[in-house]
Amino acid sequence: RSVLSMEEKPSKIVPEAEKPASSSCVPLPHWVRMTLYGLLFAAGLLRFADLGAKSLWVDEARGLPRNAVSIEEINERCRQSHTAPLREYYLHAVWTLPRSMMEAASRLPSALAGMLAVPLMFFIGRRMFGWEAGFFAALFVLAHPWLLLHSQDNRMHILSFFFSATIL
């Protein structure tokens, strides 16, 4: 027998119920939940304030007729132009078909994605670097001017940001 095998102690087998939970499964403390609700509320106020006040830009207005058609027409147009349909086209098609093409209604999916990106970035930051990093990431997304601007536009920028962040 070697020296290492004589000094080794048998390891204790820990049942699944006694194993510590990972950081993503730990329930959030009450103060963290309340802070997240406050950040989400502030994000909603910033993103939905004057959502329909600006008139549509040319590229936003050009995208509305393309988005206000049926899902089958979107697929057919994408097949003819040899491009894959974007998730944004599907979201806007589903959203604008039952409603009129008002500025605020067409911009609502982007505003929702921008608002939901705040807690999403908190959870990404918390999982990667800890609580403090999660809060700073959420505050950054909450107040970043570029993200605020594009959360109030009918463009795919903020939707691309949100879907890319969900991959992390």
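The values are calculated or read from the model by the stated rules, or taken from the named source; none is laboratory data. Just so it is clear, the model here is predicted, and its values are computed rather than measured. Positions of Cβ are generated from backbone atoms using ideal geometry, with glycine treated the same way; all protein chains shown enter the neighbour counts. SASA here: full protein model, heavy atoms, side chains in, ligands and nucleic acids out. Shrake-Rupley method; radii C 1.70, N 1.55, O 1.52, S 1.80 Å.
Pairing residues of region 31-60 that are aromatic (Phe, Trp, Tyr) with residues that are modelled with pLDDT under 95, at Cβ distances under 6 Å and at least 6 apart in sequence or on separate chains, gives Phe48/Ala111.
Of all the residues in region 18-37, those that are at pLDDT 55 or above and among the basic types (Lys, Arg) number 1. Against the conditions (1) within 16 Å of Leu51 (Cα to Cα); (2) touching a residue at least 40 places away in the same chain (Cβ under 8 Å), Leu149 satisfies every one except (2). Just one of the listed residues (Val118, Val69) is at pLDDT 85 or above, among the β-branched types (Val, Ile, Thr), open to solvent by less than 50 Å² (accessible area, probe 1.4 Å) and out of contact with any Pro (no Cβ under 9 Å at 6 or more places or on another chain), and it is Val118. In region 103-115, the residue that is nearest to Arg155 (Cα to Cα) out of those that are modelled with pLDDT of 90 or more and open to solvent by 30 Å² or more (accessible area, probe 1.4 Å) is Leu112.
Scanning region 121-153 for residues that are open to solvent by 80 Å² or more (accessible area, probe 1.4 Å) and within 13 Å of Ala165 (Cβ to Cβ) yields Phe123, Arg127, Met128, Phe140.
Among the residues here, Val94 qualifies as modelled with pLDDT under 75, β-branched (Val, Ile, Thr) and in a helix (DSSP H, G or I). If the condition is being of a type outside the set (Gly, Ala, Ser) and touching a residue at least 12 places away in the same chain (Cβ under 8 Å), then region 129-146 contributes Trp131, Phe135, Leu139, Phe140, Val141, Leu142.
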